[in-house]
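These notes are about the structure you will find just below.
The values are calculated or read from the model by the stated rules, or taken from the named source; none is laboratory data. Bear in mind the structure is a predicted one, so any value in this text is a computation, not a measurement. Neighbour counts run over all protein chains shown; Cβ positions are idealised from the backbone, glycine included.
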Amino acid sequence: MSSRIEQLIDEIEEYIDSCKYQALSNTKIIVNKEEIDELLRELRMKTPDEIKRYQKIISNKEAILNDARTKAEALINEATVHTNELINEHEIMQQAYAQANEVVSLASHQAQEILDNATIEANNMRAAAIQYTDDMLANLENMIVQTMNMTTSHYESFINNLNGYAEVIRSNRADLRPQETDSLLDGAENGADGESLNLDMLK
């Protein structure tokens, strides 16, 4: 069963894939800020719980090793008791000695196998938990970077549009100025007092 974080990552990817492209663009998309914020907010809330869960798995390594040590010690103790029982039988002392050494050797071998297997299992669990957490954080990092890039792109497009509007306004104002100049010149020529036009008024 996948975790809620994996589900959220899938939902964010599906949402991004479903977004419409911006006009005249094959890379820029239009994102609903409220929807993407909600998904990211839930992802942010779930991330600490997931990390704690895998930290708990890692901490179980010591419990696995302790259990293996306990089983190994029990095997050795059982072998030692059996050895003492055999040695106490005087008439079969030599045979008991040989059997005891064999039992102790077998028990030690089994105990070492248990420890080795437990260590391998614990290390595998730890590596898997670390890898999963790293992959999850890497996906989250990529998603945040993509969101930042999209936001920056939208902001730059907005500024460029404003600059275009400002240029149009400047052009329109420049087109209006010659009309004001002609009006002032006509008024000067028709003036009854014959005074010359002050050219500063045309600036």
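Can you pull out every residue in the stretch 25-72 that is among the basic types (Lys, Arg) and within 30 Å of Ala128 (Cα to Cα)?
Hits for the stretch 25-72 are Arg41, Arg44, Lys46, Lys52, Arg53, Lys56, Lys61, Arg69, Lys71.
Being touching a helix residue (DSSP H, G or I) at 6+ places or on another chain (Cβ under 7 Å) and touching a residue at least 60 places away in the same chain (Cβ under 8 Å) is the filter here, so list the residues in the stretch 4-28 that pass it.
Result: Ile5, Ile9, Ile12, Lys28.
Take the residues in the stretch 1-45 that are within 19 Å of Tyr155 (Cβ to Cβ) and within 18 Å of the chain's Cα centre (by Cα), then tell me which one is surrounded by the fewest Cβ atoms within 10 Å (Cβ to Cβ).
Asp37
Within the stretch 37-77, work out how many residues are touching a residue at least 12 places away in the same chain (Cβ under 8 Å), among the hydrophobic types (A, V, I, L, M, F, W, C) and out of contact with any Lys or Arg (no Cβ under 8 Å at 6 or more places or on another chain).
10
Quick check, is Asn139 of a type outside the set (D, E, K, R), over 30 Å from Lys71 (Cα atoms) and modelled with pLDDT of 85 or more? Break it down stepwise before answering.
On the way: of a type outside the set (D, E, K, R): yes; over 30 Å from Lys71 (Cα atoms): yes; modelled with pLDDT of 85 or more: no.
Spelling it out, it is not the case that Asn139 is of a type outside the set (D, E, K, R), over 30 Å from Lys71 (Cα atoms) and modelled with pLDDT of 85 or more.
Of all residues in the stretch 140-181, how many are among the acidic types (Asp, Glu) and either exposed (fewer than 10 other Cβ atoms within 10 Å of the Cβ) or not in a helix (DSSP H, G or I) (or both)?
The qualifying residues number 1.
Can you confirm whether the stretch 104-125 contains a residue that is under 30 Å from Asp37 (Cβ atoms) and either surrounded by 11 or more Cβ atoms within 10 Å (Cβ to Cβ) or not charged (D, E, K, R) (or both)? Steps first, please.
We begin by selecting, within the stretch 104-125, every residue under 30 Å from Asp37 (Cβ atoms); these are none.
No, the conditions are met nowhere in the stretch 104-125.
If you check Leu137 against the conditions, is it closer than 30 Å to Ser59 by Cα, over 20 Å from the mean Cα position of the chain (by Cα) and either in a helix (DSSP H, G or I) or of a type outside the set (Gly, Ala, Ser) (or both)?
Numbers: closer than 30 Å to Ser59 by Cα: yes; over 20 Å from the mean Cα position of the chain (by Cα): no; either in a helix (DSSP H, G or I) or of a type outside the set (Gly, Ala, Ser) (or both): yes.
Taking the combined requirement at face value, the residue does not satisfy it.
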